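*Asks:* My structure is below; once you've seen it, I'll send some questions.
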Amino acid sequence: MPLPSSKEQFVQRNLRFNFTVNLLDGGFFGLALGFASFITIIPLFVSQMTDSALLIGLVPAIHNVGWLFPQLLTAGWVSRSKRIKPLVLWTTVHERIPFLGLAVVAWFLPQLGVRTALILTFLLLIWQGFGGGFTANAWTSLITKIMPSNLHGTFFGTQMAAFTGLEGISAVAAGLILDRLDGPLDFTICFLAACVWFVVSFVFISLTREPDGRPRLVEGKPEGFWRESQRILKTNPNFVSFLFMRSLSQFAAMAFSFYVVYVVWTFGVSEAEAGFMTGVFLMFSIVAGLVMGRLADRWSPRIVMVIGAMAATLSASIAMLAPSANWFYASFILTSMAIVAIWTLPLPLTVQFGPEEERPYYIGLSSTVTAPATLLAPVIGGWLADTVGFQATFMVSVVCGLLMAAMLVFIVKDPPREQVTIPQPVRTPVE
């Protein structure tokens, strides 16, 4: 068996340290977002200013589109970089600072007025979303660079579990803050608490130890960027099928953004009970992340994504037929599995489609091509909810979840896995 390269030796030597600091980065990032969740807290904040389901549904949509759309635009930049961490640190600031702006808007909401505050809120959400998007490609490339390929699913699943676990704790705290404090202090404190933990998260990611990489010599001009992307799309039909499946998955997840608003408006549950439902969802997300991430490395991400697609279908089916609010506990549990399949497992699967030096392009294409569907899904879902009813939104998710599962079973194939070199002891002449 060949001896490992110097890069592989560096990765193995720093594996425990890098795994730990990036796990803590993800965990504290989750702790921050629990105070400013795009699924619960920010939609509730927006609902104080409008009763439009369309605008409320845009909150997670803007975040998701911002995360996905710019990733292809940064692919050439990341590919030409020998060191990726400086790019991550520079761009991730822009996905954290906007929460300070949300705290300012929340505090001055009475003086600003509803219309101005709503405009400022969405401008800050757009800044935050695109800040995350410009970070995402570099961050994913960095993680897959410092982790052995046979641990990609395990790391992403474990980090999601840490993220979700601490997010659950802060979500409960946020619920208590909103329940016991009056505005504008309630949301202001939530957003300020998020800012504090984002700083802690930043400290840990800055400690990452990165080996020098082999930059891909691609043209810095837009022509070279698009030529490289087109070459991949023309020569890898399996990856194109995967991209179509990812777009479809956004419609399978369309219903999730409306569960909290639906149970509050339809069944009259309190904000405290809605927060408890969110806590149940987050706690089961910990288990889902750990188990499904590990299974993805043992089997394949594609196979485990089939399970998640069926979970999305069942989740929306239960929500559509639920005679009482208690049924939504099952929907939230199944949603935790579906989100792992739709958002976490595509990361380790995406990087299997091409060699390391081309990963930024595959990561960028996987995200940017998915962005239009990510924006359209909640817009269509909100429009259906406003004009026809939430049941129509849930039904579309049921159908798309079934189609997603069918594509993963019958059309998308597993790409060949990268061969992992197992470190061997280097013998010296004395030995």
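The values are calculated or read from the model by the stated rules, or taken from the named source; none is laboratory data. Keep in mind the model is a prediction, meaning the values are calculated, not measured. A quick note on method: Cβ atoms are made from the backbone with ideal geometry, for glycine too, and the neighbour counts reach across all protein chains shown.
*Asks:* Farther than 23 Å from LEU403 by Cα, out of contact with any Cys (no Cβ under 7 Å at 6 or more places or on another chain) and in a helix (DSSP H, G or I), is that true of GLY308? Let's see the steps before the verdict.
*Replies:* On the way: farther than 23 Å from LEU403 by Cα: no; out of contact with any Cys (no Cβ under 7 Å at 6 or more places or on another chain): yes; in a helix (DSSP H, G or I): yes.
It is false that GLY308 is farther than 23 Å from LEU403 by Cα, out of contact with any Cys (no Cβ under 7 Å at 6 or more places or on another chain) and in a helix (DSSP H, G or I).
*Asks:* Within the bounds of region 154-162, is there any residue that is surrounded by fewer than 19 Cβ atoms within 10 Å (Cβ to Cβ) and over 30 Å from GLY76 (Cα atoms)?
*Replies:* First, the residues of region 154-162 that are surrounded by fewer than 19 Cβ atoms within 10 Å (Cβ to Cβ): none.
Looking through region 154-162, none of the residues is surrounded by fewer than 19 Cβ atoms within 10 Å (Cβ to Cβ) and over 30 Å from GLY76 (Cα atoms).
*Asks:* Restricting the first residue to region 280-292 and requiring it to be outside any helix (DSSP H, G or I), which pairs with a second residue that is surrounded by fewer than 21 Cβ atoms within 10 Å (Cβ to Cβ) meet a Cβ separation below 6 Å and a spacing of at least six or different chains?
*Replies:* Sorted first by the residue in region 280-292, then by its partner, the list stays empty.
*Asks:* Also, I was wondering about something else. Search region 311-335 for residues that are under 15 Å from GLN391 (Cα atoms) and of a type in the set (A, V, I, L, M) and pair each with any residue that is outside any helix (DSSP H, G or I) and at pLDDT below 95 when their beta-carbon atoms are under 6 Å apart and the residues are at least 6 apart or on different chains.
*Replies:* Here the result reads ALA325/VAL269, each pair linking region 311-335 to a residue that is outside any helix (DSSP H, G or I) and at pLDDT below 95.
*Asks:* Hey, another quick one. With the condition kept exactly as written, say whether any residue in region 269-284 is under 17 Å from the mean Cα position of the chain (by Cα), crowded, with 24+ Cβ neighbours inside 10 Å and under 18 Å from PRO301 (Cα atoms).
*Replies:* no
*Asks:* Would you tally the residues in region 323-341 being in a loop (DSSP other than H, G, I, E, B) and surrounded by 20 or more Cβ atoms within 10 Å (Cβ to Cβ)?
*Replies:* First, pick out the residues of region 323-341 that are in a loop (DSSP other than H, G, I, E, B): 323-324.
Okay, now just the ones that are also surrounded by 20 or more Cβ atoms within 10 Å (Cβ to Cβ), so none.
Total meeting the criteria: 0.
*Asks:* Does PHE251 satisfy being closer than 27 Å to PRO372 by Cβ, surrounded by fewer than 20 Cβ atoms within 10 Å (Cβ to Cβ) and within 20 Å of the chain's Cα centre (by Cα)? Don't jump to the end; show me each part of the working.
*Replies:* Numbers: closer than 27 Å to PRO372 by Cβ: yes; surrounded by fewer than 20 Cβ atoms within 10 Å (Cβ to Cβ): no; within 20 Å of the chain's Cα centre (by Cα): yes.
For PHE251, the condition - closer than 27 Å to PRO372 by Cβ, surrounded by fewer than 20 Cβ atoms within 10 Å (Cβ to Cβ) and within 20 Å of the chain's Cα centre (by Cα) - is not met.
*Asks:* Is at least one residue of region 256-267 surrounded by fewer than 24 Cβ atoms within 10 Å (Cβ to Cβ) and not in a helix (DSSP H, G or I)?
*Replies:* No: zero hits.
*Asks:* Follow-up question, since we're still on this one. Go through region 46-76 residue by residue and tally those that are among the aromatic types (Phe, Trp, Tyr) and crowded, with 24+ Cβ neighbours inside 10 Å.
*Replies:* 1
*Asks:* Something else about it: Scan region 365-381 for residues that are crowded, with 24+ Cβ neighbours inside 10 Å, part of a helix (DSSP H, G or I) and either without any contact (Cβ under 8 Å) to a residue 60 or more places away in the chain or within 14 Å of the chain's Cα centre (by Cα) (or both) and jot them down. Even if it seems obvious, please write down each step before you answer.
*Replies:* Our first condition is that a residue be crowded, with 24+ Cβ neighbours inside 10 Å; within region 365-381, this holds for 365-367, 370, 374, 377-378, 381.
Now narrow it down to the ones that are part of a helix (DSSP H, G or I): 365-367, 374, 377-378, 381.
Of everything in region 365-381, those that are crowded, with 24+ Cβ neighbours inside 10 Å, part of a helix (DSSP H, G or I) and either without any contact (Cβ under 8 Å) to a residue 60 or more places away in the chain or within 14 Å of the chain's Cα centre (by Cα) (or both) turn out to be SER366, SER367, THR374.
*Asks:* Would you list the helices (runs of 4 or more DSSP H) that sit entirely within region 1-110 and hold 2 or more residues that are out of contact with any Pro (no Cβ under 7 Å at 6 or more places or on another chain) and among the polar types (S, T, N, Q)? Give the derivation first.
*Replies:* Values: elements: 6-13, 15-34, 41-47, 53-68, 75-79, 85-92, 98-107.
Helices (runs of 4 or more DSSP H) meeting the threshold: 15-34, 85-92.
*Asks:* Looking only at region 346-357, decide whether some residue is more than 12 Å from ALA253 (Cβ to Cβ), assigned to a helix (DSSP H, G or I), within 22 Å of the chain's Cα centre (by Cα) and among the charged types (D, E, K, R).
*Replies:* Looking through region 346-357, at least one residue is more than 12 Å from ALA253 (Cβ to Cβ), assigned to a helix (DSSP H, G or I), within 22 Å of the chain's Cα centre (by Cα) and among the charged types (D, E, K, R).
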